[in-house]
Every structure is written in C-alpha cells, then in structure tokens.
Amino acid sequence: MTSRQRAFVAAHLTTWNAAESARRAGYAPASARQTGRRLLQTPAVAEAIKAELQGRNMTAAEALEGLAAQARGDMADFAAELGYPQLREARDAGRLDTRLIHKFDLDRQIEERKDGTRITRERVKLELYNAQNARALILKASGDLEETIVVRYERGLEELFGFIIDEFSKEGDGATLDRIERVLTDYQARNG
C-alpha cells in the first residue's frame, strides 16, 4: 500500500465516510467521492481495514473471560485493601454475600470538639446488584427467555406494523425486523 492509502485507511477508521477519508488522506477534494469508493474496493485497502477492525474486536472467548472475572469478583477484597476490612470480615464470617454489592462507599468524618475530643462519624452506602436483571440475563443467555414487545396502538394494524418496521430499521436490529415482517405477512395472509 502507498502512504496515501495507509492515510486513507487510518482516516476511514475514524470517519467511516469514504469521501472525507480521501480528502483527509490528501486526495483531490473534487474527486474525493469517487476516489474514496475506489479505494474501498482496492483489495489491499479493504484487507487493511478488515484487519484493523478484527484487531479492535473482542473475541467471544475474551468477552466470556471478562464476564467470568466480573461474576467472580468480590467487592470485599477491594474494600479491605482500601482500608475497610469490615466487608471482608462479614463475608468470611458468613454474615454477608459481598458478591451482591455493586457499589460500596464509606463516608468518614472526624469532628474535633472544643474540649479536644474527637468524634468519628461514618456513613456507609451500599448499592446492590439488580437481582431481576441478573435473572433476565441468565435466562436470555440460556435461551429460556424470549422478549415480547407489547404496544398499545389505536390505529390499524398495518399502520402499526409499518411504524414498528420503520423504527427497527433505524436501529439496525435485523433479526427483530425480519420477525416483525413475518408477523405482518402472516397477518395479511390470514385477514386478506
């Protein structure tokens, strides 16, 4: 690849616009649109873009490894290292399952009185993980949960399906869009 082609690849990975990428790479602005399209079809350029994207993507194994580490992580170990051993002590004594803790915050204020005595006030704030979301994620991953979209609409079903198809087309959810189109086709076949 030429240095300009490499510059095009680098620009395209940030702009995702062939013409703008060609301009940034130093190609003539007047022909940037055609140049950009041609460059995207050049095998070496296309392969360089593909290789860069693959390098940026996370493999399924990497994603699962990260999720497993999060699932096995325990706030108590970190809190103890940061000077709050109470959580780890409660966990080790079997009084608290600290894996359920999403956030832990301890606000410690020391107040010195006029007589020279010190008063320490502590306020603990715990935020737990959402158990319902956790169950839903487990059911989705196992394939035992199928989401249903419920829409209340006062107009004709064909207009409703058209609206839903347009909305999902914007989001790019192809599988859901295909499912909605199949339902619409079935509905039209049954109701003429």
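Descriptive notes on the structure:
- Listed residues Thr98, Ala18, Phe78: farthest to the positive end of the dipole of the stretch 13-114 (Cβ charges): Ala18
- Taking 0.36 nm per residue of sequence separation and removing the Cα-Cα distance, the Ala46/Lys103 pair yields an extension gain of 16.1 nm.
- Largest-first ellipsoid semi-axes for the stretch 82-149, taking √(5λ) over the Cα gyration tensor eigenvalues, angstrom: 41, 15, 7
- Burial ranking of peptide ranges 136-145, 72-81, 43-52, 16-25 (average Cβ count within 10 Å, highest at the top): 16-25, 72-81, 43-52, 136-145
- Whole-percent carbon and sulfur share, accessible surface of the stretch 23-152, 1.4 Å: 51
- With the Kirkwood sum run over all distinct C-alpha pairs, the stretch 70-118 has a hydrodynamic radius of 12.4 Å.
- The modelled label-to-label distance for the pair Phe78/Ala10, using points 7 Å beyond Cα in the direction of Cβ, is 3.6 nm.
The values are calculated or read from the model by the stated rules, or taken from the named source; none is laboratory data. Everything numeric here is computed off the predicted structure, so don't read it as measured data. All Cβ positions, glycine included, derive from the backbone under ideal geometry; neighbour counts span all protein chains shown. Keep in mind that these areas ignore ligands, DNA and RNA; they rest on the heavy atoms of the full protein, side chains included. Shrake-Rupley method; radii C 1.70, N 1.55, O 1.52, S 1.80 Å.
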